[in-house]
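K.L.:
Could you have a look at this structure, given as structure tokens, before my questions?
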Ligand SMILES: Cc1cc2nc3c(=O)[nH]c(=O)nc-3n(C[C@H](O)[C@H](O)[C@H](O)COP(=O)(O)OP(=O)(O)OC[C@H]3O[C@@H](n4cnc5c(N)ncnc54)[C@H](O)[C@@H]3O)c2cc1C
């Protein structure tokens with residue numbers, strides 16, 4: 001998200017060189033960043049029009065990536081897009097919602113088909129359709145791509161356009177404040193004047209003067225917001241409302257099954273929420289399942305719980321794809337979802353009281369694919385004071401104050 005915003009700011013600046021943009025990153029190896037630990041999926045099948053719109057734009061962006069992010073005298077970008085679609089399965093209980101979602105998606109211009117169990121069985125003979133009432137399948141612009149390639153491409157392009165890459169950890173902010181008397185109450189507005197950056201292998205804390213800060217710290221963005229005073233004000237005031245984004249650990253397992261679904265295997269989202277897709281062409285697959293609230297694992301480290309696969313995932317996979325009965329797990333990893341506990345959706349826009357902090361976070365498992373569109377929206381808001389291409393008002397911080405969630409039903 002950070003590199004996407006930086007790229008878009010430089011792309012949309014009206015006078016060349018007018019903006020000075022720095023991306024501050026504490027870990028340039030990205031060892032714990034969600035982006036590189038994600039599974040690289042892109043789909044049009046969301047329930048909120050804004051999310052469908054973002055996906056549509058992102059698919060276009062990825063398909064024409066070299067026109068956007070190509071750099072003269074550098075090798076072309078190969079995003080490794082596998083356009084094999086997402087297949088959502090719904091039980092009798094979920095059928096009406098799935099169909100409603102498909103109407104929203106089609107209204108926005110996405111090409112999604114509905115399949116009966118009989119059609120499903122014909123198209124995918126390896127699938128057990130027991131308990132499936134209806135399915136939806138994205139006919140274009142869905143599949144998966146290489147997250148590293150996208151991150152690297154944004155970064156390389158942004159740097160080529162003059163963005164500074166700074167290795168260090170943001171540890172605090174210096175702010176100034178003004179009192180504002182409104183008819184209802186007195187408000188304290190604050191501004192960030194300096195970002196303090198802890199340089200690597202050094203005791204030095206470098207103050208960086210700034211006119212505005214974009215908080216793109218992923219699952220750590222709640223913590224970063226707190227450093228600027230967000231959510232730590234007195235009780236029953238707007239100041240006490242936190243940015244509700246936190247790390248939630250999600251496991252991804254990779255298994256081998258030589259007789260498994262063939263090359264046309266899409267990303268399948270089972271009625272249980274379990275997902276899987278092909279990984280390469282050597283009979284490997286990857287997949288996972290979000291735990292229930294009660295099962296949420298400890299987030300101290302990124303260790304994988306293998307019993308979660310054995311007990312919670314494998315039985316569901318083997319039910320849906322009987323040949324998976326004989327699969328062998330080959331490897332696994334874990335990553336953090338940038339989880340918005342309020343409504344599992346993006347937070348995009350400025351803070352009402354910390355005037356010059358902007359958020360682009362909380363995507364809760366669909367941020368990689370939305371980074372091209374979200375970065376553009378953030379740059380529009382910063383440069384023009386409003387969203388120009390896709391209206392993202394629904395994702396503003398204000399919803400945490402008014403208590404109106406922007407619920408996305410298709411969270412995986
Ligand atoms: C297992 C898994 C599967 C996923 N699958 C998909 C998928 O299929 N499709 C999809 O679209 N999305 C997917 N996601 C979600 C997606 O990865 C995220 O929504 C997206 O990558 C978030 O990007 P980001 O830039 O906000 O966060 P990150 O990639 O986490 O980047 C945040 C960066 O901020 C840095 N940082 C944090 N705090 C500080 C600080 N104080 N100072 C300096 N730097 C700091 C971190 O080091 C990090 O590099 C998945 C996520 C996981 C974990």
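K.L.:
I need the full set of residues from the range 307-322 which are in contact (Cβ under 8 Å) with a residue 60 or more places away in the chain and assigned to a helix (DSSP H, G or I), in order please.
P.N.:
313, 319, 320, 322
K.L.:
Which condition breaks for residue 17 when tested against (1) part of a loop (DSSP other than H, G, I, E, B); (2) within 30 Å of residue 332 (Cα to Cα)?
P.N.:
Of (1) part of a loop (DSSP other than H, G, I, E, B); (2) within 30 Å of residue 332 (Cα to Cα), only one is false for residue 17: (2).
K.L.:
I'm checking my understanding of the structure. Among residues of the range 161-206 that are part of a loop (DSSP other than H, G, I, E, B) and within 16 Å of the ligand (Cβ to nearest atom), which one is surrounded by the most Cβ atoms within 10 Å (Cβ to Cβ)?
P.N.:
163
K.L.:
Tally up the residues in the range 30-47 that are more than 9 Å from the ligand (Cβ to nearest atom) and either surrounded by 21 or more Cβ atoms within 10 Å (Cβ to Cβ) or free of Cβ contacts under 8 Å to residues at least 24 places away in the same chain (or both), please.
P.N.:
Selection size over the range 30-47: 3.
K.L.:
Is it the case that some residue within the range 223-240 is in contact with a helix residue (DSSP H, G or I) (Cβ under 6 Å, 6 or more places away or on another chain), assigned to a strand (DSSP E or B) and more than 25 Å from residue 334 (Cβ to Cβ)?
P.N.:
No, that holds for no residue.
Yes/no per residue for (1) surrounded by fewer than 15 Cβ atoms within 10 Å (Cβ to Cβ); (2) modelled with pLDDT of 95 or more; (3) more than 12 Å from the ligand (Cβ to nearest atom):
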position: 109; (1), (2), (3): yes, yes, yes
position: 122; (1), (2), (3): yes, yes, yes
position: 131; (1), (2), (3): no, yes, yes
position: 156; (1), (2), (3): no, yes, yes
position: 214; (1), (2), (3): no, yes, no
position: 218; (1), (2), (3): no, yes, no
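K.L.:
Can you tell me how many residues within the range 292-301 are touching a residue at least 24 places away in the same chain (Cβ under 8 Å) and under 28 Å from residue 86 (Cα atoms)?
P.N.:
So the answer is 2.
K.L.:
Filter the range 1-14 down to the residues that are more than 7 Å from the ligand (Cβ to nearest atom) and part of a loop (DSSP other than H, G, I, E, B), then identify the one that is surrounded by the fewest Cβ atoms within 10 Å (Cβ to Cβ).
P.N.:
Step one: list which residues in the range 1-14 are more than 7 Å from the ligand (Cβ to nearest atom), which gives 3-14.
From what's left, part of a loop (DSSP other than H, G, I, E, B): 13-14.
Values: 13: 17, 14: 8.
So, considering only residues that are more than 7 Å from the ligand (Cβ to nearest atom) and part of a loop (DSSP other than H, G, I, E, B), the one surrounded by the fewest Cβ atoms within 10 Å (Cβ to Cβ) is 14.
The values are calculated or read from the model by the stated rules, or taken from the named source; none is laboratory data. All values derive from a computational prediction rather than experimental measurement. Cβ sites come from the backbone with ideal geometry, for glycine too, and all protein chains shown count toward neighbours.
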